[in-house]
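> This is the structure I have questions about; it appears just below.
The values are calculated or read from the model by the stated rules, or taken from the named source; none is laboratory data. Predicted, not measured: the structure shown is a model, and the values here were computed from it. Backbone-built Cβ (ideal geometry, glycine too); neighbour counts: all protein chains shown.
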Amino acid sequence: MPEPTSNREDYARAAAEWLGIPVEPAWADSIAFNLRVLGEAAALVEGFPLPDETEAAPVYTA
């Protein structure tokens, strides 16, 4: 999956602005790091092959 933008700091700034979330400039590196980690985790899930016959797990309620 391609990155939304090649610069995670720019992406975080634009997303925060769009969502109306105030972000301190000092948080930029931490946010970019977390975006990278989340992207890597998503790639692992996305890359896990599942056969077409796979069914969703049932939902259990207590």
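> Just for segment 37-51: of the residues that are outside any loop (DSSP other than H, G, I, E, B) and either at pLDDT below 90 or of a type in the set (A, V, I, L, M, F, W, C) (or both), which one is surrounded by the most Cβ atoms within 10 Å (Cβ to Cβ)?
Once the filter is applied, the top-ranked residue is 39.
> Separate question: Among the residues of segment 52-61, is there at least one that is surrounded by 10 or more Cβ atoms within 10 Å (Cβ to Cβ) and among the hydrophobic types (A, V, I, L, M, F, W, C)?
no
> What pairs come out if I take residues in segment 1-23 that are surrounded by 14 or more Cβ atoms within 10 Å (Cβ to Cβ) and modelled with pLDDT under 85 and pair them with residues that are charged (D, E, K, R) and outside any loop (DSSP other than H, G, I, E, B) whose C-beta lies under 7 Å away, six or more apart or interchain?
If the second residue must be charged (D, E, K, R) and outside any loop (DSSP other than H, G, I, E, B), the pairs left are 8/36.
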